[in-house]
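Structure first, then comments.
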Amino acid sequence: MFQKIITFLSTKQFKFEILKGQTVAIFGIETSKSKYKCVFDLKEEEKILVCYSIIQDFYVPENQHDDFAIFITRINYGLMIGNFEMDFNDGEIRYKTSIDFEGTDLNEPLIDNLFNANLSVVENFYEQLHNFVTQE
């Protein structure tokens, strides 16, 4: 199953690394708005594929953690797919989408839809997130 993720990333010509001994692929992507570290994490036993887009341009300062957590909770409430998360240890912001593919084969259209949904939402909310943190 993990080979399908490798094939997807290769087809899209992403430069990626695989974490040793894990079914995790990490790659970077740059858009007109931001730079992201993206992660595919395959949970083979559970038949779940998780996709993360981690914002690389800024982090939430510790003094804003509580307010930012409330802010992303309000955003998450209206989202159909996925959710924003903040690491309280370092202020890292990421967007997570996942798909349960039990009963079907993991295939390129599923992987592509998961990735595109992820990147689309994080890009859509990027400016709001950035402006909240920078108080612009």
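None of Phe8, Phe16 is modelled with pLDDT of 95 or more, among the aromatic types (Phe, Trp, Tyr) and over 19 Å from Pro109 (Cβ atoms) except Phe16.
On the stretch given as region 11-66, residues that are within 12 Å of the chain's Cα centre (by Cα) and of a type in the set (Asp, Glu) total 1. Here is the figure for region 30-51: residues that are loosely packed, with under 14 Cβ neighbours inside 10 Å, under 27 Å from Phe132 (Cα atoms) and either touching an Asp or Glu at 6+ places or on another chain (Cβ under 9 Å) or hydroxyl-bearing (Ser, Thr, Tyr) (or both) total 3.
Filtered by the rule that a residue be over 12 Å from the mean Cα position of the chain (by Cα) and either surrounded by fewer than 16 Cβ atoms within 10 Å (Cβ to Cβ) or under 17 Å from Phe115 (Cβ atoms) (or both), region 78-91 gives Gly78, Leu79, Met80, Asp87, Phe88, Asn89, Asp90. Contact annotation: residue pairs with Cβ atoms under 7 Å, 6 or more positions apart or on different chains, pairing a residue in region 83-104 that is outside any strand (DSSP E or B) with a partner that is among the charged types (D, E, K, R), are Gly91/Glu62; Phe101/Lys47; Glu102/Lys47. Screening Ile54, Ile75, Ile5 for residues that are surrounded by 15 or more Cβ atoms within 10 Å (Cβ to Cβ), in a strand (DSSP E or B) and out of contact with any Ser or Thr (no Cβ under 7 Å at 6 or more places or on another chain) leaves exactly one candidate, Ile54.
Residues considered: Phe27, Phe68. Of these, the only one that is within 30 Å of Thr104 (Cα to Cα), surrounded by 15 or more Cβ atoms within 10 Å (Cβ to Cβ) and modelled with pLDDT of 95 or more is Phe27. The residues in region 8-24 that are surrounded by fewer than 11 Cβ atoms within 10 Å (Cβ to Cβ) and in a loop (DSSP other than H, G, I, E, B) can be counted, and the count is 5.
The values are calculated or read from the model by the stated rules, or taken from the named source; none is laboratory data. These figures come from a predicted structure and were not determined experimentally. Neighbour counts are summed over all protein chains in view; Cβ atoms, including those assigned to glycine, are modelled from backbone coordinates with ideal geometry.
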